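Structure record follows, encoded as structure tokens.
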């Protein structure tokens, strides 16, 4: 069996920590319901990084190149609780007039835009409360712009404020955790620093629930999960694609045995350039 990770050109792995009181990973909205997935899809990761880099919506080619280059795996360090928020807003109020101006997150004055007019609007939004995720991220090919070091720098000092989904979802910790110990995103993911033991709540003892693309570890046991709309057509602003992710609880021992990885004292995921 060929166990070489199918990530040619990905010489480094960036580790991210997603930790907030509330997170939302997006899903197809139906009517007034806005539900969340249980892990961040590719379009979500693209939007987070693109926002940090300062990409603007009309720059769809840059978004598409970034999305195509992303290779990552996700580990759940702490399972959160699902919360549904019931919201109403009366868009007919004078201060909601679309001709009125307000400050935007880009530091500029803009007008409220959108297809919604007046009247009362109802929305039910789902959030994941008090969860912690670790992400191991690579870019393929590694020589493309932006570089992984550029992504790390942007997530550390973003061009605009960053949110873990919606604007009310703020990160409780710095997003950049450090750098991986192996060229495989899955090895680097499982070797990444733990959160404090008294904060862990994975429901799987020493195993972590993980999501990864099949080509990252061909033949590694897991349950396939078909994710519709995992990608985004950034030119037309619609969700597209049909991606198969693998997911199952994994231990460090399983992943080490699969890749034949032996930790050494030289390996570290402390932040470095």
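Just so it is clear, none of the values below were taken in a lab; they were calculated from the coordinates. Predicted, not measured: the structure shown is a model, and the values here were computed from it. Cβ placement follows ideal geometry from the backbone for every residue including glycine, while neighbour counts extend to all protein chains displayed.
Assuming R0 = 30 Å, what is the FRET efficiency of residue 124 and residue 62, from their Cβ-Cβ distance, to the nearest 0.05? Efficiency computed from Cβ-Cβ geometry: 0.35. Evaluated on the range 169-246, the Kirkwood hydrodynamic radius is 15.5 Å, with distances taken between all distinct Cα atoms.
Between the alpha-carbon centres of the range 218-256 and the range 148-167 there is a gap of 23 Å. From least to most packed, judged by other beta carbons within 10 angstrom and beginning with the fewest, 45, 83 follow the order 83, 45. Panel order for 169, 76, 56, 210, by other beta carbons found within 10 Å of each beta carbon, from fewest to most: 56, 169, 76, 210. Residues 63, 239, arranged from fewest to most other Cβ atoms within 10 angstrom of their Cβ, appear as 239, 63.
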